[in-house]
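Following: one structure in structure tokens, then a few remarks.
The values are calculated or read from the model by the stated rules, or taken from the named source; none is laboratory data. No experiment lies behind these values; they were computed from the predicted model shown. Note: ideal-geometry Cβ built from the backbone for every residue, glycine included; neighbour counts use all protein chains shown. Accessible surface areas use protein heavy atoms only, side chains included; no ligands, DNA or RNA. Shrake-Rupley method; radii C 1.70, N 1.55, O 1.52, S 1.80 Å.
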Amino acid sequence: MTNITCWSKAIADTIMRRHPDVNSYPFKPWCYPQGFVLWGFEKLWETTGDRKYYDYIMNYADGHVDDEGNISCFKGNSMDDIMTGSILVWAYTQTGLQKYKLACDKIREVFDTYPRTSHGGFWHAIPKVRWNQMWIDGVFMGQMFLTKYGKYIGDSEYCFNEAAKQLELIEYYCKKGDTGLLYHAWCEDRSVAWADEATGCSPEVWSEGLGWYALILVEVLEIFPQEHPKREQMASQLKRLLKGLRKTQDTETGLWYQVVDKGDLPDNWHETSGSSMFVYAIKKAMELGFADAEVYGPVVEKGYQGITGKAKVDGSGLIDIFDACDGLCVKKNYDEYIHHPQKVNAQEVVAAFLWATWIMEKPKA
């Protein structure tokens, strides 16, 4: 048994001990894992005021941006790289330093020429193996930057209109009937092995992929203009998703499965990264008024118990998190999702666990 009462602080301390320089956080110095984990630190800074969290973020931002706003290691050829730029928006709001605005302007300009599907959806990445594809992962990555740029720096009409469009398109392309759930990805020209010939969709509803979609809906809705004509559309998307998540949660463990809607299959397993993302998103939806606390309160409480049950303290006092995969790309079939190798402390699960435990443990307003 463990006596940890605040998992969010404990996992943050573990991250800082294992990665004193967040550039060493997997899998390369500038990519979405840094952005994802650092937003967890921002949340802790917001509620605790502990300077070590602020410094951890700012050391990373300052180390990547020079006085002219050039960003070391940034390529701009995938939504994954763009996501981390959202941290630079935050750095600008904190410091007012012009170099951060210049850096954010450079990232914003990437969207002007970035390739799209015929309906205007941003490709997940530019390298040829990912042409003509939208992934729900990428919708999270791109909109984390765009909406924060629009809210805190400028060009707000474009940024919010574009974010609403991307969210609408990913549901249009990837929805699984009327379940509220989304398949992992869509390929317009059906040129990849995983794309269904009729729909272009990938074969399964992957836990972590759906988690990215859940996160971005609540993150966008939190700062989206109240008067925007597409706000209600996004709220409806969120509500449909919440119903699907409530139906697919394992009520015994509080967790969700690797393939979300096939928990009845014997080789499916409880996946911690997506489960953590769902806990965060559902709790945030309750705070924003999009989910009934009487209905969804028990869902997140059970989910919190489930994800903390996947965390263990090692002999040196550091936390290990189990039952997740590292950097999972789109798979061709159910078996590939289920049998993809698991990794202790996978890069996504550590950050997702931080987000989820923070929102469940933060002081009540």
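Can you name the residue in segment 101-118 that is assigned to a helix (DSSP H, G or I), touching a residue at least 12 places away in the same chain (Cβ under 8 Å) and not basic (Lys, Arg) and is also surrounded by the fewest Cβ atoms within 10 Å (Cβ to Cβ) among such residues?
If we take residues in segment 101-118 being assigned to a helix (DSSP H, G or I), touching a residue at least 12 places away in the same chain (Cβ under 8 Å) and not basic (Lys, Arg), then Asp105 is surrounded by the fewest Cβ atoms within 10 Å (Cβ to Cβ).
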Only listed residue being charged (D, E, K, R) and farther than 28 Å from Ala185 by Cβ, chosen from Asp80, Asp50: Asp50
Tabulated pairs, segment 302-323, first under 17 Å from Ala12 (Cβ atoms) and hydrophobic (A, V, I, L, M, F, W, C), second open to solvent by 20 Å² or more (accessible area, probe 1.4 Å) and in a strand (DSSP E or B), C-beta under 9 angstrom, 6+ apart or interchain: Ala311/Asp320; Val313/Asp320; Ile319/Lys312; Ile319/Val313; Ile321/Lys312
Residue selected from segment 73-93 under the condition among the hydroxyl-bearing types (Ser, Thr, Tyr) and in a helix (DSSP H, G or I), by the criterion surrounded by the most Cβ atoms within 10 Å (Cβ to Cβ): Ser86
Single unsatisfied condition, Ile136 versus (1) within 26 Å of Ser207 (Cβ to Cβ); (2) open to solvent by 20 Å² or more (accessible area, probe 1.4 Å); (3) not acidic (Asp, Glu): (2)
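Of the residues in segment 119-131, how many are open to solvent by less than 90 Å² (accessible area, probe 1.4 Å) and either modelled with pLDDT of 95 or more or not in a loop (DSSP other than H, G, I, E, B) (or both)?
Within segment 119-131, residues that are open to solvent by less than 90 Å² (accessible area, probe 1.4 Å) and either modelled with pLDDT of 95 or more or not in a loop (DSSP other than H, G, I, E, B) (or both) number 7.
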In segment 163-207, residue surrounded by the fewest Cβ atoms within 10 Å (Cβ to Cβ) [restricted to those that are of a type in the set (Val, Ile, Thr) and closer than 17 Å to Lys243 by Cβ]: Thr179
Contacts under 8 angstrom Cβ, first residue in segment 242-263 being at positive phi, partner part of a helix (DSSP H, G or I) and basic (Lys, Arg), 6 or more apart: Gly254/Lys302
Given (1) in contact with a helix residue (DSSP H, G or I) (Cβ under 9 Å, 6 or more places away or on another chain); (2) within 21 Å of Lys331 (Cβ to Cβ), number of the condition Arg231 does not satisfy: (2)
Asp62 vs. criteria surrounded by 22 or more Cβ atoms within 10 Å (Cβ to Cβ) and either assigned to a loop (DSSP other than H, G, I, E, B) or charged (D, E, K, R) (or both): no
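Any idea which of Asp261, Asp250, Asp292, Asp267 is under 20 Å from Thr308 (Cα atoms), open to solvent by 20 Å² or more (accessible area, probe 1.4 Å) and of a type in the set (Asp, Glu)?
Asp250
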